[in-house]
Amino acid sequence: MNYNTLEIDAFKEIGNIGSGNAATSLSTLLDTMVDLEITEINVVSIQDCQSMVTTEGQGFSVIHELHGDLNGIFWFVMREEDKQFLAECIAGDLNIATELVLEEVTNILGGNYLKALCDMLSLKIDLNPPILSEITSYLGSYENRINQEQILYIKNKLTINQQSVYCCINLILEPDSFQFTLQKLGVSH
Amino acid sequence: MSRRILIVDDATFIRSLLKDILLKNNFEIAGEAVNGQEAVTLYQQLQPDLVTMDITMPEKSGLEALKEIIQTSPNAKIIMCSAMGQQAMVLEAIKSGAKDFIVKPFQPDRVVEALEKVLSH
Ligand SMILES: [Mg+2]
């Protein structure tokens, strides 16, 4: 299926609003500036999506499935070598394993991302508990489960305090969900 | 006034953070639960004065746990503490008997203020 400029813009707006709120929450957690790059939008097969996430997919990722008015996956990914730095910035002197801190960071980023969408579009979405998994292989099993030709892949990159440390937050929506979103935004044809 | 708090959250990080905030502000920790099911069980066992309840948890969600606890203990004081601050979610929690809703990430002051307020009623 092809989408016109107006619809692609609407998808971008979802990414902008969601990631903007997620970035604000990360900024609060870190008490520092978090910059947001422009939203990347792709309507692709899961296989193509898998090849798109490969570079970062080799990093550290935390995954949440979402269910309710919208169905899909939210995930966070960052380079292995940066994860300890980020966790320490957030947990301070609380002595907690890096992975456990980042699981909750993803929960907070995902929760705030979805809160923005839900409040804007009057939706209700549940977030499943975090899963620690490599994203490409997770997408493989997800593909088998949902059996859909195309998904909407929305990606945002967050850079922390103008340093070289960054993370990506990603949202996949299933076809029914992105159609529904377009309807709610009043731009579906 | 007794200030025994049951902390419910699947994330170790948040439980430690909350414990730290509560202990620094003269609250007592009644116990900790890591999912909704444990929350329901521990609530009956410990009869805490107040519960901080996460929503996104394995086994049983915080909303389900809230409803179950309120059903058997209608006067339970439960404050939701979640990143899922969607209006619909907040509304459902309050309708189901939650006394307040704190959205993560939270500031320590906001947590203390909410707990003090609910405990004093
Ligand atoms: Mg949680």
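The values are calculated or read from the model by the stated rules, or taken from the named source; none is laboratory data. Keep in mind that what you see is a predicted model, and the values were worked out from it rather than measured. Reconstructed Cβ throughout: ideal geometry from the backbone, glycine too, with neighbour counts over all protein chains shown. Surface accessibility is based on the protein's heavy atoms, side chains included, excluding ligands, DNA and RNA. Shrake-Rupley method; radii C 1.70, N 1.55, O 1.52, S 1.80 Å.
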Restricting to segment A:48-74, name every residue that is out of contact with any Lys or Arg (no Cβ under 9 Å at 6 or more places or on another chain), open to solvent by 30 Å² or more (accessible area, probe 1.4 Å) and under 26 Å from A:Ser122 (Cβ atoms). A:His67, A:Asn71
Selected residue (criterion: nearest to the ligand (Cβ to nearest atom)) from residues of segment A:141-152 that are surrounded by 14 or more Cβ atoms within 10 Å (Cβ to Cβ) and under 28 Å from A:Glu80 (Cα atoms): A:Tyr142
Of the numbered conditions (1) within 8 Å of chain B (Cβ to nearest Cβ); (2) within 16 Å of the ligand (Cβ to nearest atom); (3) in a helix (DSSP H, G or I); (4) surrounded by fewer than 19 Cβ atoms within 10 Å (Cβ to Cβ), A:Asn112 fails exactly one; give the number of that condition. (4)
How do the pairs read when you match residues in segment B:49-64 that are part of a helix (DSSP H, G or I) with residues anywhere that are more than 12 Å from the ligand (Cβ to nearest atom) and not basic (Lys, Arg), using Cβ under 7 Å and keeping only pairs 6 or more apart or on different chains? B:Leu63/B:Glu92; B:Leu63/B:Ala93; B:Leu63/B:Ser96
Members of segment B:91-107 that are within 16 Å of the ligand (Cβ to nearest atom) and in a helix (DSSP H, G or I): B:Ala93
Quick check: anything in segment A:31-47 surrounded by 18 or more Cβ atoms within 10 Å (Cβ to Cβ), within 14 Å of chain B (Cβ to nearest Cβ) and touching a residue at least 12 places away in the same chain (Cβ under 8 Å)? yes
A:Ala97 versus (1) within 14 Å of chain B (Cβ to nearest Cβ); (2) of a type in the set (A, V, I, L, M, F, W, C); (3) more than 22 Å from A:Asp69 (Cβ to Cβ); (4) within 17 Å of the chain's Cα centre (by Cα): which is the lone unmet condition? (4)
Can we say B:Leu18 is closer than 23 Å to B:Ser120 by Cα and more than 13 Å from the ligand (Cβ to nearest atom)? no
Quick check on segment B:68-83: of everything there that is of a type in the set (A, V, I, L, M, F, W, C) and either closer than 9 Å to B:Gly97 by Cα or outside any helix (DSSP H, G or I) (or both), which residue is nearest to the ligand (Cβ to nearest atom)? B:Ala83
Just name the residue that is surrounded by the fewest Cβ atoms within 10 Å (Cβ to Cβ) out of those in segment B:1-47 that are part of a loop (DSSP other than H, G, I, E, B) and among the hydrophobic types (A, V, I, L, M, F, W, C). B:Met1
